[in-house]
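A short worksheet on the structure shown next.
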Amino acid sequence: MKQLKWTLFVIVLFCLYSIETLAQQEPGGKEEFIPHHAVGLVIGHSFVFQENSENGNKEALIMPSWGVDYSYYFHPKWGIGLHTDIILEKFVVEKKLESGGATQTIERSNPVAPALMGIYKPSKHWGLQLGAGVEFAKEENLFLNRAGVEYSAELPKGWEVMGAFTYDIKWNAYDTWVLGLGISRSFGGHKK
(Lines give C-alpha, C1' and ligand atoms only; values in the text may rest on other atoms or scores of the structure.)
Protein backbone atom coordinates (compact mmCIF):
# COMPACT_ATOMS: atom_id res chain seq x y z
CA MET A 1 0.00 0.00 0.00
CA LYS A 2 2.90 2.37 0.75
CA GLN A 3 4.22 1.82 -2.78
CA LEU A 4 0.77 2.63 -4.22
CA LYS A 5 0.68 5.90 -2.23
CA TRP A 6 4.07 7.03 -3.59
CA THR A 7 3.24 5.86 -7.12
CA LEU A 8 0.06 8.00 -7.13
CA PHE A 9 2.03 10.96 -5.76
CA VAL A 10 4.67 10.69 -8.54
CA ILE A 11 2.00 10.32 -11.27
CA VAL A 12 0.16 13.43 -10.06
CA LEU A 13 3.36 15.49 -9.93
CA PHE A 14 4.36 14.32 -13.42
CA CYS A 15 0.92 15.21 -14.84
CA LEU A 16 0.97 18.65 -13.23
CA TYR A 17 4.51 19.32 -14.49
CA SER A 18 3.49 18.25 -18.01
CA ILE A 19 0.51 20.60 -17.99
CA GLU A 20 2.72 23.54 -16.95
CA THR A 21 5.27 22.73 -19.64
CA LEU A 22 2.58 22.67 -22.33
CA ALA A 23 0.81 25.82 -21.13
CA GLN A 24 1.14 28.85 -23.40
CA GLN A 25 3.15 31.78 -22.13
CA GLU A 26 1.62 35.23 -22.41
CA PRO A 27 3.53 37.50 -24.81
CA GLY A 28 6.07 39.99 -23.35
CA GLY A 29 5.77 42.55 -20.59
CA LYS A 30 4.99 42.30 -16.89
CA GLU A 31 1.45 42.52 -15.64
CA GLU A 32 0.54 44.90 -12.84
CA PHE A 33 -0.69 43.03 -9.76
CA ILE A 34 -3.95 44.09 -8.11
CA PRO A 35 -5.02 42.37 -4.85
CA HIS A 36 -8.03 40.13 -5.44
CA HIS A 37 -10.31 37.45 -4.00
CA ALA A 38 -10.93 33.96 -5.39
CA VAL A 39 -13.67 31.43 -4.67
CA GLY A 40 -13.30 27.83 -5.80
CA LEU A 41 -15.13 24.53 -5.82
CA VAL A 42 -13.16 21.26 -5.81
CA ILE A 43 -14.43 17.72 -6.30
CA GLY A 44 -12.13 15.02 -5.05
CA HIS A 45 -11.43 11.81 -3.25
CA SER A 46 -10.24 11.53 0.34
CA PHE A 47 -7.91 8.66 1.21
CA VAL A 48 -7.50 7.38 4.76
CA PHE A 49 -4.72 4.79 5.11
CA GLN A 50 -4.87 2.60 8.21
CA GLU A 51 -3.60 -0.70 9.45
CA ASN A 52 -6.01 -3.64 9.31
CA SER A 53 -6.08 -5.05 12.84
CA GLU A 54 -6.80 -8.58 11.54
CA ASN A 55 -3.79 -9.05 9.24
CA GLY A 56 -1.56 -6.03 9.97
CA ASN A 57 -1.61 -4.80 6.33
CA LYS A 58 -2.32 -1.20 5.39
CA GLU A 59 -5.65 -0.58 3.68
CA ALA A 60 -7.25 2.53 2.24
CA LEU A 61 -10.67 4.01 2.73
CA ILE A 62 -11.49 6.05 -0.39
CA MET A 63 -14.38 8.49 -0.03
CA PRO A 64 -15.89 11.23 -2.23
CA SER A 65 -15.34 14.77 -1.01
CA TRP A 66 -15.95 18.40 -1.89
CA GLY A 67 -13.77 21.40 -1.24
CA VAL A 68 -14.97 25.00 -0.96
CA ASP A 69 -12.08 27.46 -1.01
CA TYR A 70 -11.92 31.20 -0.39
CA SER A 71 -8.58 32.96 -0.92
CA TYR A 72 -7.38 36.55 -0.81
CA TYR A 73 -4.18 37.38 -2.71
CA PHE A 74 -2.58 40.53 -1.31
CA HIS A 75 0.75 40.10 -3.15
CA PRO A 76 1.71 38.38 -6.44
CA LYS A 77 3.23 35.50 -4.46
CA TRP A 78 1.29 35.54 -1.15
CA GLY A 79 -2.28 34.99 -0.01
CA ILE A 80 -4.44 33.71 2.82
CA GLY A 81 -7.59 31.64 2.67
CA LEU A 82 -10.26 29.56 4.32
CA HIS A 83 -10.28 26.16 2.64
CA THR A 84 -12.99 23.69 3.68
CA ASP A 85 -13.10 19.96 2.88
CA ILE A 86 -16.30 17.95 3.27
CA ILE A 87 -16.25 14.12 3.18
CA LEU A 88 -19.60 12.82 1.97
CA GLU A 89 -19.72 9.53 3.88
CA LYS A 90 -19.92 7.96 7.30
CA PHE A 91 -16.89 5.81 8.10
CA VAL A 92 -15.07 4.06 10.89
CA VAL A 93 -11.38 4.69 11.49
CA GLU A 94 -8.81 3.81 14.12
CA LYS A 95 -7.81 6.78 16.28
CA LYS A 96 -4.27 6.85 17.68
CA LEU A 97 -4.38 7.39 21.43
CA GLU A 98 -1.91 9.69 23.19
CA SER A 99 -0.68 6.88 25.46
CA GLY A 100 1.73 4.62 23.57
CA GLY A 101 0.76 2.96 20.31
CA ALA A 102 -2.78 2.02 21.38
CA THR A 103 -5.73 2.70 19.07
CA GLN A 104 -9.47 3.18 19.45
CA THR A 105 -12.12 2.72 16.75
CA ILE A 106 -14.16 5.89 16.12
CA GLU A 107 -17.00 6.71 13.76
CA ARG A 108 -17.00 9.86 11.62
CA SER A 109 -20.22 11.21 10.07
CA ASN A 110 -19.78 13.53 7.09
CA PRO A 111 -16.90 15.53 8.64
CA VAL A 112 -16.43 19.17 7.64
CA ALA A 113 -12.86 20.45 7.93
CA PRO A 114 -12.23 24.21 7.49
CA ALA A 115 -8.62 25.39 7.74
CA LEU A 116 -7.05 28.85 7.73
CA MET A 117 -4.33 28.61 5.08
CA GLY A 118 -1.25 30.60 4.16
CA ILE A 119 -0.60 30.48 0.39
CA TYR A 120 2.72 30.94 -1.42
CA LYS A 121 2.90 30.96 -5.23
CA PRO A 122 6.50 30.30 -6.35
CA SER A 123 5.38 30.53 -9.99
CA LYS A 124 2.36 31.65 -11.97
CA HIS A 125 0.75 28.20 -11.94
CA TRP A 126 1.96 26.52 -8.73
CA GLY A 127 0.75 27.24 -5.20
CA LEU A 128 1.96 25.85 -1.87
CA GLN A 129 -0.38 25.93 1.13
CA LEU A 130 0.08 25.44 4.86
CA GLY A 131 -2.43 25.95 7.65
CA ALA A 132 -4.45 24.74 10.63
CA GLY A 133 -8.08 24.13 11.43
CA VAL A 134 -10.63 21.79 12.95
CA GLU A 135 -12.50 18.79 11.55
CA PHE A 136 -16.10 18.96 12.82
CA ALA A 137 -18.26 15.82 13.07
CA LYS A 138 -21.16 14.99 15.36
CA GLU A 139 -19.07 12.37 17.20
CA GLU A 140 -16.00 14.47 18.00
CA ASN A 141 -14.07 17.52 16.74
CA LEU A 142 -10.41 17.04 15.81
CA PHE A 143 -7.63 19.65 15.51
CA LEU A 144 -5.74 19.42 12.20
CA ASN A 145 -2.81 20.79 10.23
CA ARG A 146 -3.04 20.88 6.43
CA ALA A 147 -0.37 21.10 3.74
CA GLY A 148 -1.14 21.27 0.04
CA VAL A 149 0.14 21.73 -3.49
CA GLU A 150 -2.04 23.25 -6.18
CA TYR A 151 -1.62 23.75 -9.91
CA SER A 152 -3.87 26.24 -11.69
CA ALA A 153 -4.27 27.30 -15.31
CA GLU A 154 -5.99 30.56 -16.21
CA LEU A 155 -9.12 30.67 -18.34
CA PRO A 156 -10.75 33.81 -19.76
CA LYS A 157 -12.66 36.33 -17.60
CA GLY A 158 -11.04 35.52 -14.24
CA TRP A 159 -11.75 31.78 -14.24
CA GLU A 160 -9.14 29.14 -13.40
CA VAL A 161 -9.09 25.36 -13.52
CA MET A 162 -6.99 23.65 -10.84
CA GLY A 163 -5.67 20.37 -9.55
CA ALA A 164 -5.02 20.03 -5.83
CA PHE A 165 -3.26 17.58 -3.53
CA THR A 166 -3.58 18.10 0.23
CA TYR A 167 -2.54 16.21 3.32
CA ASP A 168 -4.37 16.61 6.65
CA ILE A 169 -2.87 15.51 9.96
CA LYS A 170 -5.63 15.09 12.53
CA TRP A 171 -3.67 15.18 15.79
CA ASN A 172 -3.92 12.02 17.86
CA ALA A 173 -6.39 10.60 15.34
CA TYR A 174 -5.78 9.78 11.67
CA ASP A 175 -4.38 11.35 8.48
CA THR A 176 -6.18 12.12 5.21
CA TRP A 177 -4.85 12.60 1.67
CA VAL A 178 -7.13 14.48 -0.75
CA LEU A 179 -6.73 14.53 -4.53
CA GLY A 180 -9.10 16.87 -6.36
CA LEU A 181 -9.93 18.89 -9.47
CA GLY A 182 -11.75 22.19 -9.39
CA ILE A 183 -12.61 25.53 -10.83
CA SER A 184 -12.31 28.98 -9.28
CA ARG A 185 -13.27 32.56 -10.09
CA SER A 186 -11.28 35.67 -9.18
CA PHE A 187 -13.06 38.94 -8.38
CA GLY A 188 -12.44 42.30 -6.73
CA GLY A 189 -9.52 43.23 -8.96
CA HIS A 190 -8.25 42.71 -12.42
CA LYS A 191 -4.95 42.64 -14.23
CA LYS A 192 -4.17 45.53 -16.53
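Out of (1) within 18 Å of S65 (Cβ to Cβ); (2) free of Cβ contacts under 8 Å to residues at least 60 places away in the same chain, what's the single condition that is false for R146?
Unmet condition: (2).
Out of Y174, Y151, Y167, I need the residue that is among the aromatic types (F, W, Y) and at pLDDT below 90. Which one?
After ruling out the rest, the residue left standing is Y174.
Restrict the check to the stretch 135-143 and report whether at least one residue is of a type outside the set (D, E) and in contact with a Leu (Cβ under 7 Å, 6 or more places away or on another chain).
So far as the stretch 135-143 goes, no, none of its residues is of a type outside the set (D, E) and in contact with a Leu (Cβ under 7 Å, 6 or more places away or on another chain).
Kindly list, by first and then second residue, each pair from a residue in the stretch 100-123 that is farther than 14 Å from T176 by Cβ and modelled with pLDDT under 95 to a residue that is assigned to a strand (DSSP E or B) and β-branched (V, I, T), limited to pairs with Cβ atoms under 6 Å and residues at least 6 apart or on different chains.
Between residues of the stretch 100-123 that are farther than 14 Å from T176 by Cβ and modelled with pLDDT under 95 and residues that are assigned to a strand (DSSP E or B) and β-branched (V, I, T), the close pairs are T105/V92; E107/V92.
The values are calculated or read from the model by the stated rules, or taken from the named source; none is laboratory data. Keep in mind it's a predicted model, so treat the numbers as computed, not measured. Cβ: placed from backbone, ideal geometry, glycine included. Neighbour counts: every protein chain shown.
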